[in-house]
Amino acid sequence: MKIGNNPANGIPSAMKPLVGISCCTKQFGVFGMPNHAASDTYVRATDLVVGGVPVLLPANGPTADIETLLDRLDGIILTGSRSNVQPTLYDGPPHAEGTHEDPNRDGITLPLIRAAVARGVPLLAICRGFQELNVALGGSLHQRLQDLPDRIDHSTPMQPSSKVRQGKSHSIRITPNGWLHKLAGTTEIAVNSLHNQGIDRLAPGLVAEGVAPDGTIEAVRVVATQTGPVHGFAVGVQWHPEYDWTVDSVSRRIFVQFGDMVRAYVREARRISLPAAAD
């Protein structure tokens, strides 16, 4: 069998791990046809930094075959989205009129999270994915942080410039001696901010790894489930490292470490040896 090479990192394509990327339901075209979509930023980060083959996971709700997916996937990235997690999933009040929901995405991502954590499949949750991680494991959400009197406005700046929208918005305080502290090598970093929802009640088994100045939890790590300690790698961040990994060292390290954990999972769970990605 012929094995091709990825010129960006030199990894044999036939040996690269499969990384699932969650999609949203979106309407495209003149007639608004429903599509399953994920931003190119996640695909590029998976291909160029993680060193994996991006596999787009459709938002097909209750028809999704979770076990078959996890039999084949070596890692999962949960993406950001314009839509909000359905409040019925965490006993929250109904959303304000006009709030985007995506029940078919919720229908695959939440059970996928629980099953992946139980199996030890490496998981990186970003923005909406970060919120899904908290809800899937028993936590709850604030729906609009900007409406709370003691919170800063975390929502997307309505500016045409992507540099403004995706630029650093506020700092976060990093938990000493935690996962993010060891990764970043500092107790404070600056992050972008493009979200309305945020963690209200932290799920059992999650620990906070970083907090915004207003107390909003911005990074978490899964340490346990209802059945006991977690032995795999499962983390989440509220900001978007996929936007600036080319210029921000912490953002890049997040994806590099995730790739390392994916290859470790392949070695241990799949009993296959893979080359490391280029850093």
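The values are calculated or read from the model by the stated rules, or taken from the named source; none is laboratory data. As the structure is a prediction and not an experimental result, all values here were calculated from the model. Cβ: placed from backbone, ideal geometry, glycine included. Neighbour counts: every protein chain shown.
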May I ask you to list the residues in the stretch 184-228 that are outside any strand (DSSP E or B), without any contact (Cβ under 8 Å) to a residue 24 or more places away in the chain and not polar (S, T, N, Q)? GLY185, VAL223
Taking the condition crowded, with 20+ Cβ neighbours inside 10 Å and touching a residue at least 60 places away in the same chain (Cβ under 8 Å), does LEU123 pass? yes
Restricted to the stretch 1-44, and to residues that are crowded, with 17+ Cβ neighbours inside 10 Å, over 26 Å from ALA264 (Cα atoms) and not aliphatic (A, V, I, L, M), which residue is modelled with the lowest pLDDT? LYS26
Restricting the stretch 184-193 to residues that are among the hydrophobic types (A, V, I, L, M, F, W, C) and buried (at least 18 other Cβ atoms within 10 Å of the Cβ), which is farthest from CYS127 (Cα to Cα)? ALA184
Which members of the stretch 163-185 meet the condition of being of a type in the set (Lys, Arg) and at pLDDT 95 or above? ARG173, LYS182
Which ones in the stretch 33-65 are part of a helix (DSSP H, G or I) and within 16 Å of GLY129 (Cβ to Cβ)? THR41, TYR42, VAL43, ALA45, THR46, VAL50
Would you pick out the residues in the stretch 96-112 that are over 21 Å from LEU194 (Cβ atoms) and of a type in the set (A, V, I, L, M, F, W, C)? ILE108, LEU110, LEU112
Filter the stretch 96-114 down to residues that are of a type in the set (A, V, I, L, M, F, W, C) and within 20 Å of ALA38 (Cβ to Cβ) and give me whichever is surrounded by the fewest Cβ atoms within 10 Å (Cβ to Cβ). LEU110
For the stretch 84-95, state whether one or more residues are closer than 21 Å to ASN196 by Cβ, of a type in the set (A, V, I, L, M, F, W, C) and surrounded by 24 or more Cβ atoms within 10 Å (Cβ to Cβ). yes
I'd like the residue in the stretch 87-107 that is part of a helix (DSSP H, G or I) and in contact (Cβ under 8 Å) with a residue 12 or more places away in the chain and, out of all such residues, is nearest to PRO204 (Cα to Cα). TYR90
Regarding ASP147, is this residue among the charged types (D, E, K, R) and without any contact (Cβ under 8 Å) to a residue 12 or more places away in the chain? yes
Which of the residues belonging to the stretch 230-270 are more than 17 Å from the chain's Cα centre (by Cα) and not in a loop (DSSP other than H, G, I, E, B)? SER249, ARG263, ALA264, TYR265, VAL266, ARG267, GLU268, ALA269, ARG270
Here's a check for you: in the stretch 220-254, which residue that is farther than 25 Å from ASN196 by Cβ and in contact with a Leu (Cβ under 8 Å, 6 or more places away or on another chain) is surrounded by the fewest Cβ atoms within 10 Å (Cβ to Cβ)? VAL223
Among the residues that make up the stretch 55-67, is at least one of them farther than 18 Å from MET261 by Cβ and of a type in the set (D, E, K, R)? yes
Against the condition crowded, with 19+ Cβ neighbours inside 10 Å and either in contact (Cβ under 8 Å) with a residue 40 or more places away in the chain or under 22 Å from ASP260 (Cα atoms) (or both), how does ASP71 come out, does it pass? no
